[in-house]
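The values are calculated or read from the model by the stated rules, or taken from the named source; none is laboratory data. Quantities reported herein were computed from a predicted structural model and do not represent experimental measurements. Because the Cβ atoms are built from the backbone with ideal geometry, glycine has one as well, and the counts that use them run over all protein chains shown. Note: areas computed on protein heavy atoms with side chains; ligands, DNA, RNA excluded. Shrake-Rupley method; radii C 1.70, N 1.55, O 1.52, S 1.80 Å.
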Amino acid sequence: KAGVTQTPRYLIKTRGQQVTLSCSPISGHRSVSWYQQTPGQGLQFLFEYFSETQRNKGNFPGRFSGRQFSNSRSEMNVSTLELGDSALYLCASSLAGPDYSPLHFGNGTRLTVT
Amino acid sequence: KNEVEQSPQNLTAQEGEFITINCSYSVGISALHWLQQHPGGGIVSLFMLSSGKKKHGRLIATINIQEKHSSLHITASHPRDSAVYICAVRGVEYGNKLVFGAGTILRVKS
């Protein structure tokens, strides 16, 4: 069974630009969640989607948005990039959500904003 | 103060030693996850717990709901266990969001 696939693996963008990251979950998993990891703040929750509905959102500004498609694939978008958005962005899929089933993480997208 | 406290922050052990990593949280939860992250690598889920104890190979995870505390034990540690171990909790009082500890950096020397 294929694991969670995140694309692209690396991305360099300039301040003010926008970026879209993609996550393909394990087949059959309906829950996808997104996380930001930085050396200073550690891992922080961004969003959780289940069957195309956003179930939860973390404490991030409105520049961070996401969506989930009918095939469970998910995208997150960051608009008007700031230097502080440089981070590793991870997505995880699970069968029924983090309350009920283990998380399977992708390898992440490393975003550098210059 | 972090909502999820892990201890110790750093741990160095000799190969073969028994290792314990602790995680404490402040309010009721619905689930607790133990995760492992190797340098430059992705994150692997080790355990998901809501009560009791789970064992997988040399790894054991326990949770005490009343004391709001969980432990991850590694028996017969090996250098390949060197990684960052992260505890994460989720519950209504955390807004049903996954909240992470800062992680424990484990180094096992041969």
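Key figures
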| quantity | calculated |
| --- | --- |
| Verdict on B:N2 being farther than 22 Å from A:A92 by Cα and within 11 Å of chain A (Cβ to nearest Cβ) | yes |
| Enumeration of residues in the stretch B:80-95 that are free of Cβ contacts under 8 Å to residues at least 40 places away in the same chain, under 14 Å from B:V27 (Cβ atoms) and open to solvent by 40 Å² or more (accessible area, probe 1.4 Å) | none |
| Residue list for the stretch B:16-58, restricted to those being open to solvent by 60 Å² or more (accessible area, probe 1.4 Å) and in contact with an Asp or Glu (Cβ under 9 Å, 6 or more places away or on another chain) | B:S26, B:S50, B:R58 |
| Strands (runs of 3 or more DSSP E) (entirely within the stretch A:1-96) containing at least 1 residues that are in contact with a Phe, Trp or Tyr (Cβ under 7 Å, 6 or more places away or on another chain) | A:19-24, A:31-38, A:42-50, A:53-57, A:64-68, A:74-78, A:87-94 |
| Verdict on B:S77 being in a strand (DSSP E or B), touching a residue at least 12 places away in the same chain (Cβ under 8 Å), open to solvent by less than 10 Å² (accessible area, probe 1.4 Å) and polar (S, T, N, Q) | no |
| Test result for B:S45, over 19 Å from B:N2 (Cα atoms), hydroxyl-bearing (S, T, Y) and at the interface with chain A (Cβ under 8 Å from one of its Cβ atoms) | yes |
